[in-house]
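What follows is a single structure, written as structure tokens, with notes after it.
Here, each number is a calculation from the coordinates, and none is a lab measurement. Since the model is a prediction, treat every value here as computed from it, not as a measurement. Cβ placement follows ideal geometry from the backbone for every residue including glycine, while neighbour counts extend to all protein chains displayed.
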Amino acid sequence: MTVVFLGIGATAALTSANSFDSKKLHISSRRLVSETKSTFFVVRSDGRLNSGSNRRAQILITNAVATKADSSPATKPGHELLLFEALREGLEEEMERDARVCVMGEDVGHYGGSYKVTKDLANKYGDLRVLDTPIAENSFTGMAIGAAMTGLRPIIEGMNMGFLLLAFNQISNNCGMLHYTSGGQFTIPVVIRGPGGVGRQLGAEHSQRLESYFQSIPGIQMVACSTPYNAKGLMKAAIRSENPVILFEHVLLYNLKERIPDEEYVLNLEEAEMVRPGEHITILTYSRMRYHVMQAAKTLVNKGYDPEVIDIRSLKPFDLHTIGNSVKKTHRVLIVEECMRTGGIGASLTAAINENFHDYLDAPVVCLSSQDVPTPYAGTLEEWTVVQPAQIVTAVEQLCH
Amino acid sequence: MSAAATKIIQPLPLNSTTTNRSPHKALFNPLKATPISSFPASTRKLRLTKPNSPHARRRSTSIFAVSDVVQEKKPTSNTFFPNLLITKEEGLELYEDMILGRSFEDMCAQMYYRGKMFGFVHLYNGQEAVSAGFIKLLKNEDCVVSTYRDHVHALSKGVPARAVMSELFGKTTGCCRGQGGSMHMFSKEHNVLGGFAFIGEGIPVATGAAFTSKYRREVLKEGDCDHVTLAFFGDGTCNNGQFFECLNMAALWKLPIVFVVENNLWAIGMSHLRATSDPEIWKKGPAFGIPGVHVDGMDVLKVREVAKEAITRARRGEGPTLVECETYRFRGHSLADPDELRDASEKAHYAARDPITALKKYMVENNLASEAELKVIEKKIDEVVEEAVEFADSSPLPGRSQLLENVFADPRGFGIGPDGKYRCEDPKFTEGTAHV
């Protein structure tokens, strides 16, 4: 869990917490477009500070998301909200901060977004900034890319991630590649976001996981949010990034509730999140499967295991530092993902771990993924296509013996 | 689109003495060979139906965009030719641009066969009137989006010939550092937004550039932002979904864009008539509430007149225009195309209407310039092109370190390595030795 402090007003509190020397911290002067300059900095999930220079600071406490956030005296109590509201908050803050940020998608304006992520934003910012597009994914994605090349910072919403398959031409050829093909002349600071994943009996075409299809596209970054806290932080980071970023949300996670800080914070796009430190085995997961893993973790703890759970968050590129440190500690890896077995994120992650940390492994990397099956409508069948906590428990037991 | 909103303006072909035309007659009839604009595609005999007569009658509410200048200029009684549409300076500028396009493309062919450039190279010979006619009316801030046949669009927009030639040779001094190639000419300085290999792919990008222009005016309150975007594409693209989707969006939001169709009748070996149910592309504009115009794309002056109106419309905030330019490519689709399917008589017909020869004739006959002056321009361009080749030849090839340099605008996108540092912080990273 990362904890962030606003520069002003919190410095006293900073010095009271262990071992910060706030004078050593270098607050980078960012090129903010808005008038108000709020200084803030990001604490990385392993406690290091990142604010334009990589000065190290003392490790702060990290906590599993399932438990209450550890409140140090500096943080205000924060406010509670649902994940989709956190996304909207992040989006709104960025739109307020930079007038070039705009949203495009189907039903994002007057309807407020099919999952209410853009609710009321059209009233506040107008129909051009929160643009209701016709049903033409390929073209409005291309349009957002053209707008990004000429100075705007659009956010493309796919009503369901699966619909972005229609935009694959633009995402692959233009979004990912134009910066390179133009010799670095044009940047494409778009954010492509939308809900994906297996829901509750939504049928095969509305239950797609596109991270496996997009991961090979050079030039894009992919992140997956899983809690209100990281949803807001990743949304803000994605909008501020000069790279095209695909933000994967999950249909079933929109109503998760959490208390998040009142202060402004931005997370690091390339970093993984330590959910639960442990000793026996490293479990790597992302998005909805994090909750299946945490559920399995409860069972495992009762059985005497101590799993280390990491939410990789950054699907492309992988945070090999956090992952590597964990592997070096536990020597066993289990990957739990919702992607299809073939060519999924788990497959790439397995390859990366084997290549980089082979010497540290005591057992082969095990990857639990969804079945290579179109998601069935029937509830029972659908349950069997995704990884369930019981399977995770079994896998851990097998790996640890 | 209500009838009340439709303005019916009769089009005036430039070299006709009549000022009125019946609304029932389409601007041109592909089946009738008329001296002004005939459509002798050699596969005409393959057409089984006559699609156009009933359509033309129903289309009495089609909108024709017309140049105010053209409408006002009624020809004098003695002349068959219209009043002069250009000044001497404009004429010379157009001539120079077209000569540059032609010479450059001819040099490309030579260099290709000498092994200096590779891959797919698509040459623009014969279509120069469209590029010169449209792009020379633009400001620097206006954007141009093209297809793989983009060398001349880039040149017309102002990208130096040496930068384009270097790009074709794959050198670091190319406009895209050698990373784009023939089909991906980009220039931020001159607002050339590509260069796209897949047809239709650039049209949404152009729509986005036009969207930015509108956004800047209305959201960012830059009241004087009237930048226009031109999207160039071919007849084959007009059967592609992205074309129609973007016509819809551009019309819906009245974006400042002009859709320029370079209808050269052939998509590699596929005749336009064999691929399209209704081959008159300009008629597809009114279906979306956009004016559709057909113009003789081998005549730079006619193109320029239509372009003026279309661009002015866009600048005034009145929305997009669809302009179909009937043109022809003298060479094959690309340098790899043997060009065996096209009829010799068709090629001869259009070769006789070479836009450069036509402009030269116009300027000389109307005493805008002498042959000698035009020769000077030709010589100058020869030197420019030669110099471009020399420059490209002597430029360095990209080094290994260039491989990873532009993949991400923010190279932190390459991620964090096992040692905890961002990969891009490794000083040897751009040499590609870092593990990605």
Send over the semi-axes of the range A:287-329's equivalent ellipsoid, whole angstrom and largest first, taken as the square roots of 5 times the C-alpha gyration tensor eigenvalues. 22, 15, 4
Using a 10 Å cut-off around each Cβ of peptide A:151-161, what is the average number of partner chain Cβ atoms that fall inside? 2
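Which percentage, to the nearest 5, of the DSSP beta bridges contained in the range A:180-332 is antiparallel? The partial results should precede the final answer.
Values: 5 of 20 bridges.
Close to 25 percent.
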So for R0 = 51 Å, FRET eff. of A:Ala204-B:Glu222 from the Cβ-Cβ r, to 0.05, ends up at 0.65
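Filter the cross-link list B:Lys136/B:Lys284; B:Lys116/B:Lys361; B:Lys136/B:Lys283; B:Lys171/B:Lys221 down to pairs whose alpha-carbon distance in this structure exceeds 32 Å. Mind showing how you got there, number by number?
On the way: B:Lys136/B:Lys284 26 Å; B:Lys116/B:Lys361 35 Å; B:Lys136/B:Lys283 26 Å; B:Lys171/B:Lys221 41 Å.
Listed pairs above 32 Å: B:Lys116/B:Lys361; B:Lys171/B:Lys221.
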Over the range A:133-200 - Rg/Rh using Cα atoms and the Kirkwood inverse-distance radius: 1.01
How large is ³J(HN,Hα), in whole Hz, for each residue of the range A:358-369 in order, when computed from phi with the Karplus curve 6.51 cos²θ - 1.76 cosθ + 1.60 and θ = phi - 60°, using x for Gly and Pro? 4, 5, 8, 8, 8, 8, x, 5, 9, 10, 9, 10
Neighbourhood net charge (13 Å Cβ-Cβ; Lys/Arg +1, Asp/Glu -1) for B:Gly180: +1
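Using the Kirkwood formula on the Cα atoms of the range B:275-419, what hydrodynamic radius do you get, in angstrom to one decimal? Present the calculation step by step, with values, prior to reporting the outcome.
On the way: mean 1/r = 0.0481 Å⁻¹.
Mean inverse Cα-Cα distance, inverted, gives 20.8 Å.
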Using only Cα positions of the range A:273-400, each an equal point scatterer, no hydration layer, compute I(q)/I(0) via Debye at q = 0.12, 0.19, 0.22, 0.23 Å⁻¹ and quote the log10 values to two decimals. -0.40, -1.01, -1.34, -1.45
Computed P(r) (all Cα pairs; the range B:135-219; 10 Å bins; percent): 20, 49, 25, 5, 0
Do any trypsin sites (Lys or Arg not before Pro) in the range B:94-186 lie in a loop, going by DSSP, with at most 15 other beta-carbon atoms within 10 Å of their beta carbon, and if so which? B:Arg114, B:Lys139
Per residue, the convex hull enclosing the alpha carbons of the range B:235-323 has a volume in Å³ of 81 Å³
The range B:360-436-the range B:188-210 distance, computed between alpha-carbon centres (Å): 18 Å
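Just the C-alpha atoms of the range B:88-394: what Rg/Rh do they give, with Rh taken as the Kirkwood radius? All intermediate terms of the calculation are to be shown ahead of the outcome.
Details: Rg = 18.5 Å, Rh = 19.4 Å.
Rg divided by Rh gives 0.95.
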